[in-house]
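The values are calculated or read from the model by the stated rules, or taken from the named source; none is laboratory data. Quantities reported herein were computed from a predicted structural model and do not represent experimental measurements. For neighbour counting, all protein chains shown are included, and Cβ atoms are generated from backbone atoms with ideal geometry for every residue, glycine included. Please note that ligands, DNA and RNA were not included when accessible areas were found on the heavy atoms of the full protein model with its side chains. Shrake-Rupley method; radii C 1.70, N 1.55, O 1.52, S 1.80 Å.
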There are 4 protein chains.
Amino acid sequence: MLEIATRLARDELAPRASQYDRDARNPVDSWRALAGAGLLGVAIPRAHGGVALDMPTYVGVIRTLAGACASTAMTLHMHSTVMRFIDALGTDAQKARYFPEVVTRGKLFGSWGSEPAVSLSRTFVMETAIRERGDGWVIDGVKHFCTMALGASYSMVWCALDGGGDMAKALLLALVPAGAHGMTTDGRWDTLGMRGTYSPSVTFTGVRVGADATLGLPGAAVQVGVIESFALGYAAVYVGIAEAALDFALQFLRKRVVKPENVSVAQDPTVQRHVGEMAVRLDAARLVLEQSAAGWDAADIVERGLLANRAKYLATEVGLEVTSRVIQTVGGRGAYRDFVAERAFRDMRTATLMPPTTDRMLETIGKSALGLTEGMFRVAGGRAGA
Amino acid sequence: MLEIATRLARDELAPRASQYDRDARNPVDSWRALAGAGLLGVAIPRAHGGVALDMPTYVGVIRTLAGACASTAMTLHMHSTVMRFIDALGTDAQKARYFPEVVTRGKLFGSWGSEPAVSLSRTFVMETAIRERGDGWVIDGVKHFCTMALGASYSMVWCALDGGGDMAKALLLALVPAGAHGMTTDGRWDTLGMRGTYSPSVTFTGVRVGADATLGLPGAAVQVGVIESFALGYAAVYVGIAEAALDFALQFLRKRVVKPENVSVAQDPTVQRHVGEMAVRLDAARLVLEQSAAGWDAADIVERGLLANRAKYLATEVGLEVTSRVIQTVGGRGAYRDFVAERAFRDMRTATLMPPTTDRMLETIGKSALGLTEGMFRVAGGRAGA
Amino acid sequence: MLEIATRLARDELAPRASQYDRDARNPVDSWRALAGAGLLGVAIPRAHGGVALDMPTYVGVIRTLAGACASTAMTLHMHSTVMRFIDALGTDAQKARYFPEVVTRGKLFGSWGSEPAVSLSRTFVMETAIRERGDGWVIDGVKHFCTMALGASYSMVWCALDGGGDMAKALLLALVPAGAHGMTTDGRWDTLGMRGTYSPSVTFTGVRVGADATLGLPGAAVQVGVIESFALGYAAVYVGIAEAALDFALQFLRKRVVKPENVSVAQDPTVQRHVGEMAVRLDAARLVLEQSAAGWDAADIVERGLLANRAKYLATEVGLEVTSRVIQTVGGRGAYRDFVAERAFRDMRTATLMPPTTDRMLETIGKSALGLTEGMFRVAGGRAGA
Amino acid sequence: MLEIATRLARDELAPRASQYDRDARNPVDSWRALAGAGLLGVAIPRAHGGVALDMPTYVGVIRTLAGACASTAMTLHMHSTVMRFIDALGTDAQKARYFPEVVTRGKLFGSWGSEPAVSLSRTFVMETAIRERGDGWVIDGVKHFCTMALGASYSMVWCALDGGGDMAKALLLALVPAGAHGMTTDGRWDTLGMRGTYSPSVTFTGVRVGADATLGLPGAAVQVGVIESFALGYAAVYVGIAEAALDFALQFLRKRVVKPENVSVAQDPTVQRHVGEMAVRLDAARLVLEQSAAGWDAADIVERGLLANRAKYLATEVGLEVTSRVIQTVGGRGAYRDFVAERAFRDMRTATLMPPTTDRMLETIGKSALGLTEGMFRVAGGRAGA
């Protein structure tokens, strides 16, 4: 499967990445290539027609794709994480309904959690409310950064039951079909990077969904060890972007010749030193990512939170540093849009804003080291596992 | 004059900056505003109709303008440095010819020094050749990053007399009018940032200029303490960009409220810490910049090289850090093109690629501390003052 | 006065510094040299026989002495800050009593503020209590890091009136003579660095002092802009230590020759780069220190807090980095006790633990930038100026 | 074996470490404990009575011991690396002669390579000369940092055959018994840290050893993939020291209570953040170390150089940061000699000076990434595998 990803990355994603970036449009043709190769089902059980990759392979696939088109890799990861939630929380009927949409019809699912006021908080809380109404549900609220707002066939919307404040009891994920009545988007998505994710704000005004649109019992979503996999996949995206940027720099530095000495730039000890620092730190981030993925299945929820935070924190720090230093080391040419380093730099600075923030990751890791174990998210009114 | 710059920055440059950035076009209307206020003559002697700002005021003007539109500030600085060269090296006849073009007709001058193979070298060398031909000169070569390629009325082209390799004897600056026969540009300028400088490559093929087009004797340009002022002005641009980015973050963080606590983000000690680190380092870079400018007139060439390197190095490091951390601290909104932080981040990463590189600056500073005094540029075949 | 300090540093302090460090003993002979040159009165008004240095000169003297013996410089600074408190808060009678002890009899005064439980807090609080008893006062409590515990003739002890928790109303400074009944020290002072300050813990058990032993009204000590000068002087000590360490490295690197190339280590661009980074950052810290000192007199209490925090923060960061990198750049010899770098490394790591901590400094600077102005110390039950 | 190491570390090494540090004396009683448990034979083949640990276990043992007494761990590692050289280069007769000295008589072997002029060079060269004389060899030269100068029974001295400059042909390792005629030491060993290694300079003046005292053919020592293991073991020492320092900080921060809030310092998000940064980076360095050890057996010489450099570079950076920040986070108490953090800080700054330097490591890693593969050491007159 890694070989397939490598081929798709090179032949399908890379050639289109620049145009999707310019247009700030979802990479629909690249998605089609993923669907054709079965990659939309990487997190769907084999029993339901997917390929159910183990976590190390999954992380390798995301990382490989991200090197060619970070937006494609990121949207595949969001989609796949929704698949994990359906697998963990869904009823047999729900699985039988949604998985074939992906496997046979190539549909994508988004996950919309961000809200205007919550991302910097130390407490995990949602203001978008879901309430029972007749034989279904009604949703009201505003979501930010709604990835694939115009491209996904379904979005998994993070809601609070009856607007409750304690997520351990109130969190409820609802699958909303594209074009549901009452959903409107501001269409604003003109950002620094990750432009191919197309993630504007979406307002829900009395959006009605069926009784079977929600996944599991209220609060269950923080108890199943799936939320944590978001951050692990982000780390894979960052490592992939940084590897592509560094590869570009290595090619460039080997070829470029300095006058009047007429030697390759690569012969300069100062350049070697820059490359050495980038290579060794990126290597460490990749190793930690792989180790975290390798330990995933055996880890409980708290451990998963730590594994994911550790990987994401290191990938964030290294990714930001490498993509910036690549441009510095290459010089003026590195800032040309013709070259991959330019997009890598913008994508990384944008992608690393995905929650949890660096501050929250460090606090979580620090608490664990200090014996104050808690999950990845602090839940108002107490502590939840996730 | 600082008050004028503050007003122009707010009323004229800032409103247009985003559009010039998108279009990758020279800020001609902003230039017109500068011309109207007399700012094109900031480095022209009063005797020739300029305002001849002292270096601290000059640096303050560039820094102020850069906070509104970095491309406008950078092009004004390039232009002004050409004025300094004309003042230092030009004959009375040359001054009488060129200064009025600026003062009364609002013309701009570019300075084209970069070349494909030299920017990473430890030795200062030019491959573009200038040769005497009949009663004038002929120029052949390729220049990169030709700022204002389509906007400047004249470009000051850095050449080597007869293609000589020892810049202490061969360097010759030639003023070439826009549209001279034999000048062609590849028109390629689609970069990460500083897009308003419009700086494509230009090829010179047998370009003829008059006998009076060159400034001073061969090699003289490295002896007059003007080259060094490039870097000081770059530092002013970086500090100005970073200040604007930090100001944006401060406004944002004061207004944004965290749920469910309902307190301003600014109340969070972690946020205060981020802001504190940015503020104190930027403050230090600004102080060093001001001190370097204050000591400029009394400094000899070697000292100017150190003052400029010191200021540029610190402004580079701080500028890159602040513009990146502003986006991180603000979160997802900071990556929206609507906000100033996004352009500041791209402009900074691009602007800090202007020579000398960080590596060369550190080596020069280190040599000085180690008693191996030399000028800002090492000249093949020996050491020059500059 | 700076020339005198330079001479004393070289001839008196430097030769003795290593032995005081080994013995963890107060530098009594170096103090005697300071007294002989009138340096114990640098913060005493001329009317009372002192030399009342302006703040820039004062900072220069402390920095110069610190390069030779950090413990001597630090103890002089503690003593001088007590002199400032007496000058600001003392009655004429108190000034007439204490200043001559210093000017004519060479006495030193310590300042004992640290307590077991408070140094990491965001709120400024003292647990050592002072109560009126008969016609005097009685003090009970425990003080940590009592600098010059066996060398000072008086200690200025930071107390809370009647054990009150709101320092804006309760803080009271009491001058306690050495050997007062009820004062006992644990004598424990075997530390990494700053060993010459001899700063063990001291317990006060019903220590009685006279009615005139306290300075000013309760709470007044945070209102006079003197507390802030502690941090400014610490910054001067750090810069002085780091300058001495870097000077040592420069001497060493110039002389050392690399085989088989037989060139000075100083010719290596990598070494130049290390030196360049150290030199430029230390230069910036020194400039900021000098600027902060230059603005001192005109600054109000809040501004003094910022000036001092800014200087101390930068000096802390740079000082720790320079003293560590000097050893790394010099190599194994730098770790020999024979050389100044070894002590500089230990002294810096210890001296930078003096309050306020890096975290509190950054938060204070950040608050100010965010418009949440407050003084250097937060006082329980409200905000005080200092 | 890791359990034995853990027990020895706690019961034998830790209680004695402080005294050896003060005395700057070899940890002879701790060595005796190691010998008793068979740990002196960790790198000796089972056929010769050793326990021949695989590299991951070996690294774990060194790391575990270093947490208790870095000098004991470092000397065991030097000794064990000599055992690897004897195993790789020695004749059957040499193995039969030297291994039993260790296994049955508890002897230790030092490795003396450092020389006054070579450690900063990019070329690997030795000035200590070995020449054939009669039926044996004679050695002349000066060695620095001769670890266990008075404690080892044999030292493996790095020599150049006939003073040749090309180490690929001239390097010859000679085993010299303690007390050989013509060996004199300056006895100078009063350093910042790693004091228990007792590593003064030793001068060789016509020191005669037998014909069978040298290991392998000239130049062979750089071809067997053993030199590289020095750096891997150093990395283990650094990680072990840093882990012990961080453990101390965690214990301290959990217990310490802040007034007036009366909460554990560990509850402070700023403290959690510091701990988080230290923990996650140290975790990464440990993972990389373990991975490098796991890949050791299958790696060729060039790969071993990279594995070792990668591990040592990361451990160096993290180790220096963690030991310094532990003191900062703990505050004044962390600088007391009573606590482990103080020695950890000194030991780390000293131990990380062991070759190769950070600069050389980065250049080697950079060259490899740039496709300029070469071994860990550059050999004059060409490139050797190691």
Original post:
Could the peptides B:344-356, B:174-186, A:276-288 be put in order, highest first, of the mean number of other beta-carbon atoms found within 10 Å of their residues?
Top reply: B:344-356, A:276-288, B:174-186
Original post:
Roughly how many Å² of A:Glu243 are accessible to a 1.4 Å probe, to the nearest 10?
Top reply: 40 Å²
Subject >> Only Lys, Arg (+1) and Asp, Glu (-1) charged, at Cβ; the protein assembly as shown dipole about Cα centre in debye >> reply: 0 debye
**OP:** Can you grab the distance from the C-alpha centre of segment D:35-102 to the C-alpha centre of segment B:269-338, Å, no decimals?
**Re:** 52 Å
**OP:** Count charges around A:Ala170 for me, please; just the other residues with Cβ under 12 Å from its Cβ, Lys/Arg as +1, Asp/Glu as -1.
**Re:** -1
Original post:
Remind me, relative contact order of chain A in percent, using alpha carbon pairs under 8 angstrom and six or more residues apart?
Top reply: 18 percent
Original post:
Modelled label-to-label distance, D:Ser264 and B:Glu261, 7 Å Cα→beta-carbon offset: nm?
Top reply: 2.0 nm
Original post:
How many nanometers, to one decimal and shortest first, lie between the label point of C:Gly106 and those of its other copies, if labels sit 7 Å from Cα toward Cβ?
Top reply: 5.5, 7.6, 9.3
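Indicate the gyration tensor shape class of segment C:121-228 (rounded, prolate or oblate), computed on the Cα atoms with a ≥ b ≥ c the square roots of the eigenvalues: a/c under 1.5 is rounded; otherwise a/b larger than b/c is prolate and the rest oblate.
On the way: a/c = 1.82, a/b = 1.30, b/c = 1.40.
Oblate, because a/c is 1.5 or more while a/b does not exceed b/c.
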**OP:** Multiply the residue separation of D:Arg188 and D:Arg122 by 0.36 nm, subtract the distance between their alpha-carbon atoms, and state the gained length in nm to one decimal.
**Re:** 21.0 nm
Original post:
With all protein chains present and a 1.4 Å probe, how do C:Arg195, B:Arg208 order by accessible area, largest first?
Top reply: B:Arg208, C:Arg195
Original post:
Can you give the extra length, in nm with one decimal, that the chain gains between B:Thr205 and B:Arg22 once fully stretched, where that is 0.36 nm per residue apart less the Cα-Cα distance?
Top reply: 62.7 nm
Subject >> Anisotropy class of the protein assembly as shown from Cα gyration tensor, a/c 1.5 cut >> reply: rounded
Original post:
Under a point spin-label approximation (7 Å from Cα along Cα-to-Cβ), what is the A:Glu101-C:Arg10 distance to one decimal in nm?
Top reply: 8.3 nm
Original post:
For segment B:187-254, what is the charge dipole size about the Cα centre, in debye to the nearest 20, if Lys and Arg each add +1 at the Cβ and Asp and Glu each add -1 at the Cβ?
Top reply: 200 debye
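Over segment A:167-214, what relative contact order in percent results from Cα pairs under 8 Å that are six or more residues apart? Numbers along the way, then the final one.
Details: 42 pairs, mean separation 22.2, N = 48.
Result for segment A:167-214 is 46 percent.
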Subject >> Test item: B:254-263 mean partner chain Cβ contacts at 10 Å >> reply: 5
Original post:
Taking chain C as a Gaussian network, where each spring joins two C-alpha atoms under 10 Å apart, which residue of C:Val103, C:Val257, C:Val209 fluctuates the most?
Top reply: C:Val257
Original post:
Which residue, B:Trp158, B:Trp112, B:Trp137, has the most motion in a Gaussian network model of chain B that connects Cα atoms within less than 10 Å?
Top reply: B:Trp137
Original post:
What nm distance separates the two modelled labels at D:Arg131 and C:Ala178, each placed 7 Å from Cα along Cα→Cβ?
Top reply: 6.4 nm
Subject >> Charge dipole magnitude, Cβ of K and R +1, D and E -1 - segment C:229-338, Cα centre, debye nearest 20 >> reply: 500 debye
Subject >> FRET efficiency estimate (nearest 0.05) - Cβ-Cβ, D:Arg32 to C:Leu150, R0 41 angstrom >> reply: 0.50
Original post:
Expressed as a rounded percentage, what relative contact order does segment C:240-351 have, with Cα pairs under 8 Å and six or more residues apart?
Top reply: 36 percent
Subject >> Averaged over D:191-197, number of beta-carbon atoms from partner chains that fall within 10 Å >> reply: 4
Original post:
Relative to the other copies, what are the label-point distances for C:Gly163, with labels 7 Å from Cα along the C-beta vector, expressed in nm at one decimal and sorted shortest first?
Top reply: 4.9, 8.0, 9.2
Original post:
Given a 1.4 Å probe and no ligands, DNA or RNA in the count, how much accessible surface is buried by C and D, both sides, to the nearest 100 Å²?
Top reply: 4600 Å²
Subject >> Packing-based ranking, highest mean first, of A:294-307, C:228-241 given that Cβ atoms within 10 Å are counted >> reply: C:228-241, A:294-307
Original post:
Calculated from DSSP H runs of 4 or more alone, at -39500 (n - 2.57) each and per residue, what is the 222 nm mean residue ellipticity of chain D, nearest 500?
Top reply: -16000 deg cm²/dmol
Subject >> Copy-to-copy label separations for A:Thr57, where each label sits 7 Å from Cα toward Cβ, in nm and ascending >> reply: 3.3, 7.2, 7.9
**OP:** For peptide C:341-350, compute the average count of partner chain beta-carbon atoms within 10 Å of each residue's beta-carbon.
**Re:** 4
